[in-house]
Amino acid sequence: MNAIARFFCAVGVRGLVVALAVLPLGYTAPAAAALVAAGDVVAGEAGPDRLELTLSSGALARFDVMESGLVRVRVAPSGQFSPRQSPAVSPSGLEPPGAFVVDIGDFWYVGTAELHLFIEKAPFRLIVLDSAFELVSYEAAPGVMWDDETGLVLTRRFALPGERYFGLGMRGGPIERTGRALVMRNSDQAGYGVDALYQSYPFFYTLGSGGAHGLFLDNPAYPFFDMNSTGEGVVLFGAERGELDYYVIGGPTTQDVANRYARLTGFNQLPPKWSLGYHHSRYGWLSAEEIRGIAERLRADDFPTDTLWFDIDYMDNLQKFTWNTVTFPAPQQFMAELDAMGFRRVYIDEPCIRTDDRLWPYLDALGYFVADGANGESLVNNIWFGEVSWFDFSNSDASDWMSEQIAVFVQSGIDGLWNDLNEPANNFMPEAEFAFDGDPRGETEARNLYALLANKAAWEGQLLARPNVRPWNFSRSGYSGIQRYAHTWSGDANSDWPTLRINIEMSISMGLSGQNQFGHDTGGFLGSPDAELFVRWLEFSAFTPLFRNHAVNTAEPREPWVYGEPYTSLIRDVIKTRYRFLPYLYSLFEDAARTARPVLAPTLFYAPGDPSTHTQDHDYLLGPNLLVAPVYLPGATTRDVYLPYGSDWVDFHGTQLWSGGQTVTVDAPLGRTPLFVRAGSVLPLGPDVTHTGDGTPAHLEVHVFPGGNGEFVLYEDDGETFDYRNGAFRYTRIAAVVAGNDTSVTVTPLAGSYEPGPRDVTLHLRGKAQSPAGVSLDGNALDQVADAAALAGLASGWYHDAEATAVVVKFPGAAATQQVTTF
């Protein structure tokens with residue numbers, strides 16, 4: 001081995017030590033041992049869209065071209081590839097392109113229109129170039145190595161000049177991951193800091209001179225990453241045992257990477273519309289009477305709410321699929337009562353069963369629990385929930401049984417499931433053995449997959465009960481692929497300002513990591529936030545994909561009215577603002593389910609060439625055109641915000657327009673989230689409602705912002721069923737064209753059979769300091785009135801709002817194309 005190879009090998013070992021240092025306390029990492037290098041290529045066999053190589057170490061390497069911009073890379077140190085199928089992967093729309101595979105002397109070449117792989121033979125290492133022959137990846141020599149004793153496997157590649165790394169799932173801290181080292185091992189980490197370890201997403205983006213590309217490491221055995229933490233020019237990744245199995249994901253845009261990752265691991269499901277509303281929850285509601293009182297006051301005091309959550313206190317002595325008949329004496333009647341008030345219900349469901357549960361002997365006899373590998377008996381752990389055994393979702397018979405029981409239970413009036421403790425919540429189970437249908441695996445290989453399999457069973461159970469109703473799962477833990485079955489949250493967070501900041505950072509990273517409907521316990525789970533902290537957290541949560549208020553049973557009550565005025569009114573206004581944005585949000589979710597464009601994304605996603613966005617850790621985009629800048633410092637009444645280069649930006653709450661590429665300071669009084677809209681954008685909003693199904697007459701309020709032409713495609717369906725898959729949806733394009741001082745807005749039904757029903761439309765043409773001479777609808781002049789009060793009682797008309805510098809136009813919506821023009 002030459003001196004350079006020795007040097008980078010040493011860097012790799014130090015990087016591995018740094019990565020392993022972030023594991024939870026009590027976990028014993030495998031001891032460092034002599035690493036075996038992959039060696040040289042001694043033989044090769046080419047086939048359609050694949051190349052298999054034999055290495056001098058006895059290992060096999062394989063390259064499978066999934067499509068032009070997606071290549072799977074595998075190295076099996078044992079010399080035999082595992083037949084296991086990854087539950088993370090669910091390919092859709094991938095078409096092998098007929099790659100060019102050829103031996104060119106010192107290299108094997110695997111080429112497509114988008115990726116060029118050069119596999120050096122001596123030593124074996126991979127070099128990847130993009131379609132423009134820009135360097136994407138260059139492995140060190142040696143690159144791939146493993147430890148025969150422990151099973152650890154890894155590869156090392158050079159950190160190329162100017163590269164920046166993003167993603168890697170549920171982590172706080174800077175969204176740019178360069179310099180970070182981490183291990184992904186799902187565990188219960190209540191009161192976490194920047195490294196919350198509930199969920200694992202071994203997928204990252206690289207931004208470099210040639211644009212974006214991605215990498216997904218599909219080995220759940222505690223994957224680890226060192227993103228040049230030593231500063232000596234090496235990126236290292238691998239897993240604690242098994243094969244090296246990863247995918248090179250081509251760009252060149254961030255959206256290309258996101259879309260390919262979704263076509264490999266699955267798209268987020270389109271959620272039911274009610275799940276985008278406000279969720280009210282607490283651990284510690286002890287009775288139906290208590291919940292009824294809260295429900296009645298939420299309605300009486302005009303706090304829009306869609307969902308009430310039931311934590312473990314609804315259960316009879318924590319027994320599976322039971323109700324406490326003393327405190328919840330008539331559960332189905334109570335569910336019907338809440339339903340009549342417009343409340344959906346989400347119920348917690350734990351993956352463990354207490355040993356005193358009536359079901360435990362039966363399930364034990366069937367072998368449906370995770371086993372103790374030492375004796376084959378059901379493993380029993382002691383956690384805060386009691387003496388428990390863990391249901392083994394890797395056993396297909398057990399998983400099917402659980403789905404059938406869930407199907408029965410949800411028919412008591414349950415709209416969604418809250419799948420908790422599924423890390424599993426006993427953090428250290430070295431004796432555990434998971435069945436995997438005759439291919440038993442220990443904790444290392446199975447832990448990170450547990451929540452994915454549990455949520456699959458819960459999804460299938462809800463489908464059994466209601467085949468044409470969209471299931472809804474909420475999971476504390478997860479792994480890549482869980483987006484096909486569940487939505488997640490940030491776990492048991494502290495109620496303090498630093499954790500609010502961390503939760504903002506997590507949201508941005510999770511948006512990049514393929515999990516769209518990600519949220520938080522607003523105000524933090526552990527503790528009692530004061531009024532300022534709670535309102536600021538609420539402001540942030542209202543502009544995230546999932547909006548839930550939840551707290552531990554020892555915290556002070558956190559109902560919207562408990563803080564008194566002026567906070568009660570501020571809280572009401574924030575919640576109402578969330579509901580006004582639902583037409584916009586729901587359209588973003590439909591787009592994400594179809595294209596994998598993140599609902600919430602870092603600003604760099606749309607401005608990767610602006611280096612200032614690479615460190616924009618606390619501002620984000622909700623959709624491509626709405627910039628959100630939550631306030632996360634106590635006592636702050638202003639907010640500094642960087643506006644990405646390449647666009648002008650308009651203050652949503654006011655009239656000012658700024659050019660991009662600068663930092664501005666804006667007022668941020670308590671109760672108002674600073675929002676900026678990309679110039680020329682079209683933003684659809686909705687009416688004030690009490691919940692998403694309250695029957696409020698349909699109304700569409702469209703804001704057209706100055707600065708150029710723009711459009712938005714509004715998506716609508718029934719919000720609950722799968723009928724949209726059969727054409728029962730509606731796309732409506734709202735396009736604005738600016739010509740001098742005049743604006744023309746065209747509303748065009750594009751596709752779909754769904755009928756939203758009669759509604760009126762109000763256009764807010766913003767940036768109009770001067771009143772136009774007139775406004776027409778389909779060529780017919782509309783009447784001008786004095787102000788909003790005068791317009792309210794009319795079917796159509798318009799007025800100029802001098803203070804808001806806007807022209808406001810009202811007209812009845814129609815099934816055909818309509819055009820409004822100022823003149």
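The values are calculated or read from the model by the stated rules, or taken from the named source; none is laboratory data. Being a predicted model, the structure only gives us computed values, none of them experimental. Cβ sites come from the backbone with ideal geometry, for glycine too, and all protein chains shown count toward neighbours. In case anyone asks, the SASA skips ligands and DNA or RNA and just uses the protein heavy atoms, side chains included. Shrake-Rupley method; radii C 1.70, N 1.55, O 1.52, S 1.80 Å.
Test ALA816 against the criterion of being of a type outside the set (Lys, Arg), closer than 27 Å to THR696 by Cα, open to solvent by 30 Å² or more (accessible area, probe 1.4 Å) and in a loop (DSSP other than H, G, I, E, B), and give yes or no.
It is true that ALA816 is of a type outside the set (Lys, Arg), closer than 27 Å to THR696 by Cα, open to solvent by 30 Å² or more (accessible area, probe 1.4 Å) and in a loop (DSSP other than H, G, I, E, B).
Take the conditions open to solvent by less than 30 Å² (accessible area, probe 1.4 Å) and touching a strand residue (DSSP E or B) at 6+ places or on another chain (Cβ under 9 Å) and apply them to ASP103. Does it pass?
No, not satisfied.
Can you name the residue in segment 582-619 that is under 16 Å from the mean Cα position of the chain (by Cα) and of a type in the set (Phe, Trp, Tyr) and, of all such residues, is farthest from ALA262 (Cα to Cα)?
TYR586
Tell me, yes or no, whether segment 736-743 has at least one residue that is closer than 21 Å to ASP717 by Cα, touching a residue at least 60 places away in the same chain (Cβ under 8 Å) and of a type in the set (D, E, K, R).
There is no residue in segment 736-743 that is closer than 21 Å to ASP717 by Cα, touching a residue at least 60 places away in the same chain (Cβ under 8 Å) and of a type in the set (D, E, K, R).
Looking at segment 751-776, which of the residues that are over 36 Å from the mean Cα position of the chain (by Cα), surrounded by fewer than 16 Cβ atoms within 10 Å (Cβ to Cβ) and of a type in the set (A, V, I, L, M, F, W, C) is farthest from PRO687 (Cα to Cα)?
In this case the residue turns out to be ALA773.
Taking the condition among the hydroxyl-bearing types (Ser, Thr, Tyr) and buried (at least 24 other Cβ atoms within 10 Å of the Cβ), does TYR247 pass?
Considered against the rule, which asks whether it is among the hydroxyl-bearing types (Ser, Thr, Tyr) and buried (at least 24 other Cβ atoms within 10 Å of the Cβ), TYR247 comes out as no.
Return the total of residues in segment 634-650 being open to solvent by 30 Å² or more (accessible area, probe 1.4 Å) and in a strand (DSSP E or B). Reasoning before the result, please.
Of all residues in segment 634-650, those open to solvent by 30 Å² or more (accessible area, probe 1.4 Å) come to 634-635, 637-638, 640, 642, 645-646, 648.
Still in the list and also in a strand (DSSP E or B): 638, 640, 642, 648.
Residues that pass the stated criteria total 4.
I'm checking my understanding of the structure. Among residues of segment 541-569 that are within 15 Å of TYR579 (Cβ to Cβ) and of a type in the set (Phe, Trp, Tyr), which one is surrounded by the most Cβ atoms within 10 Å (Cβ to Cβ)?
Ranking the qualifying residues of segment 541-569, first place goes to PHE547.
Can you spot a residue in segment 41-56 that is within 30 Å of the chain's Cα centre (by Cα), farther than 17 Å from GLY242 by Cα and open to solvent by less than 50 Å² (accessible area, probe 1.4 Å)? Before you say what the answer is, go through the steps one by one.
Of the residues in segment 41-56, the ones within 30 Å of the chain's Cα centre (by Cα) are none.
No, every residue in segment 41-56 fails to be within 30 Å of the chain's Cα centre (by Cα), farther than 17 Å from GLY242 by Cα and open to solvent by less than 50 Å² (accessible area, probe 1.4 Å).
Step by step: first the residues of segment 174-194, then only those that are of a type in the set (Val, Ile, Thr) and either assigned to a strand (DSSP E or B) or surrounded by fewer than 19 Cβ atoms within 10 Å (Cβ to Cβ) (or both), then the one that is modelled with the lowest pLDDT. Which residue is that?
Looking at the filtered set, the residue picked out is VAL194.
Regarding segment 283-298, can at least one residue be identified that is of a type in the set (S, T, N, Q), open to solvent by less than 20 Å² (accessible area, probe 1.4 Å) and touching a residue at least 40 places away in the same chain (Cβ under 8 Å)?
no
Checking TYR362 against (1) in a helix (DSSP H, G or I); (2) touching an Asp or Glu at 6+ places or on another chain (Cβ under 9 Å): exactly one of these is not met. Which one?
Among (1) in a helix (DSSP H, G or I); (2) touching an Asp or Glu at 6+ places or on another chain (Cβ under 9 Å), TYR362 violates only (2).
Quick one: would you say SER403 is within 30 Å of ASP339 (Cβ to Cβ) and in contact (Cβ under 8 Å) with a residue 40 or more places away in the chain?
yes
Can you tell me how many residues in segment 651-672 are in a loop (DSSP other than H, G, I, E, B), open to solvent by less than 30 Å² (accessible area, probe 1.4 Å), under 19 Å from PHE705 (Cα atoms) and in contact with a strand residue (DSSP E or B) (Cβ under 7 Å, 6 or more places away or on another chain)?
Looking only at segment 651-672, we keep the residues that are in a loop (DSSP other than H, G, I, E, B), and these are 652-656, 660-661, 668-672.
Next, from what is left, pick out any that are open to solvent by less than 30 Å² (accessible area, probe 1.4 Å): 652, 654, 660, 668, 671.
Next cut, under 19 Å from PHE705 (Cα atoms) only: 652, 654, 660.
Subset that is in contact with a strand residue (DSSP E or B) (Cβ under 7 Å, 6 or more places away or on another chain): 652, 660.
Number of matching residues: 2.
Testing PHE321 on (1) out of contact with any Leu (no Cβ under 9 Å at 6 or more places or on another chain); (2) more than 30 Å from TYR579 (Cα to Cα); (3) of a type in the set (A, V, I, L, M, F, W, C); (4) open to solvent by 20 Å² or more (accessible area, probe 1.4 Å), one condition comes back false. Which one is that?
(1)
Looking at THR444, THR499, which one is surrounded by fewer than 22 Cβ atoms within 10 Å (Cβ to Cβ) and part of a helix (DSSP H, G or I)?
THR444
Could you check how many residues of segment 757-812 are assigned to a strand (DSSP E or B) and either touching a strand residue (DSSP E or B) at 6+ places or on another chain (Cβ under 8 Å) or closer than 18 Å to ALA736 by Cα (or both)? Please lay out each step first, then the result.
So in segment 757-812, the residues assigned to a strand (DSSP E or B) come out as 760-766, 775-777, 780-781, 784, 797-801, 806-812.
With either touching a strand residue (DSSP E or B) at 6+ places or on another chain (Cβ under 8 Å) or closer than 18 Å to ALA736 by Cα (or both) added as a condition, the list becomes 760-766, 775-777, 781, 784, 797-801, 806-812.
Residues flagged as assigned to a strand (DSSP E or B) and either touching a strand residue (DSSP E or B) at 6+ places or on another chain (Cβ under 8 Å) or closer than 18 Å to ALA736 by Cα (or both) within segment 757-812 amount to 24.
Hand me the list of strands (runs of 3 or more DSSP E) wholly inside segment 379-423 holding 3 or more residues that are more than 15 Å from TYR485 (Cα to Cα) and either touching a Phe, Trp or Tyr at 6+ places or on another chain (Cβ under 8 Å) or at pLDDT 95 or above (or both).
By residue number, 381-383, 386-390.
Given the condition under 27 Å from HIS279 (Cα atoms), in contact with a Lys or Arg (Cβ under 7 Å, 6 or more places away or on another chain) and small (Gly, Ala, Ser), answer yes or no: does some residue in segment 717-731 qualify?
The answer is yes; a qualifying residue exists.
I'm told GLY151 meets every condition in (1) at positive phi; (2) touching a Ser or Thr at 6+ places or on another chain (Cβ under 8 Å) except one. Can you identify the failing condition by its number?
Of (1) at positive phi; (2) touching a Ser or Thr at 6+ places or on another chain (Cβ under 8 Å), only one is false for GLY151: (2).
List the residue pairs whose Cβ atoms are under 7 Å apart, where the first residue sits in segment 195-208 and is open to solvent by 10 Å² or more (accessible area, probe 1.4 Å) and at pLDDT below 95, the second is of a type outside the set (Gly, Ala, Ser) and not in a loop (DSSP other than H, G, I, E, B), and the two are 6 or more positions apart or on different chains.
Once the first residue is open to solvent by 10 Å² or more (accessible area, probe 1.4 Å) and at pLDDT below 95 and sits in segment 195-208, its partners that are of a type outside the set (Gly, Ala, Ser) and not in a loop (DSSP other than H, G, I, E, B) give ASP195/LEU182.
Among the residues of segment 724-750, which ones are part of a helix (DSSP H, G or I), of a type outside the set (S, T, N, Q) and open to solvent by 60 Å² or more (accessible area, probe 1.4 Å)?
ARG725
Can you name the number of the only condition in (1) open to solvent by 20 Å² or more (accessible area, probe 1.4 Å); (2) within 13 Å of LEU763 (Cβ to Cβ) that HIS703 fails?
HIS703 satisfies every listed condition except (1).
Return yes or no: is GLY779 farther than 20 Å from LEU685 by Cβ, of a type outside the set (Asp, Glu) and at pLDDT 95 or above?
Details: farther than 20 Å from LEU685 by Cβ: yes; of a type outside the set (Asp, Glu): yes; at pLDDT 95 or above: yes.
For GLY779, the condition - farther than 20 Å from LEU685 by Cβ, of a type outside the set (Asp, Glu) and at pLDDT 95 or above - is met.
With respect to ALA365, is the statement that it is over 22 Å from LEU449 (Cα atoms), at pLDDT 95 or above and of a type outside the set (Phe, Trp, Tyr) true?
yes
Identify the residue in segment 360-387 that is of a type in the set (A, V, I, L, M, F, W, C) and in contact with a helix residue (DSSP H, G or I) (Cβ under 9 Å, 6 or more places away or on another chain) and, among all such residues, is surrounded by the fewest Cβ atoms within 10 Å (Cβ to Cβ).
Our first condition is that a residue be of a type in the set (A, V, I, L, M, F, W, C); within segment 360-387, this holds for 360, 363, 365-366, 369-371, 374, 379-380, 383-385.
Next, from what is left, pick out any that are in contact with a helix residue (DSSP H, G or I) (Cβ under 9 Å, 6 or more places away or on another chain): 363, 366, 369-370, 385.
Details: LEU363: 20, LEU366: 12, PHE369: 23, VAL370: 29, PHE385: 17.
Looking at residues that are of a type in the set (A, V, I, L, M, F, W, C) and in contact with a helix residue (DSSP H, G or I) (Cβ under 9 Å, 6 or more places away or on another chain), I get LEU366.
Taking segment 388-432 as the search range and keeping residues that are aromatic (Phe, Trp, Tyr) and farther than 20 Å from GLU443 by Cα, which one is surrounded by the most Cβ atoms within 10 Å (Cβ to Cβ)?
Checking each candidate, the answer is TRP418.
Of everything in segment 209-222 that's touching a helix residue (DSSP H, G or I) at 6+ places or on another chain (Cβ under 8 Å) and outside any strand (DSSP E or B), which residue is most open to solvent (accessible area, probe 1.4 Å)?
So the first thing to find is which residues in segment 209-222 are touching a helix residue (DSSP H, G or I) at 6+ places or on another chain (Cβ under 8 Å), and the list is 212-214, 216, 220-222.
When the remaining residues are screened for being outside any strand (DSSP E or B), the result is 220-222.
Details: PRO220: 25, ALA221: 2, TYR222: 3 Å².
Per the stated criteria, the residue is PRO220.
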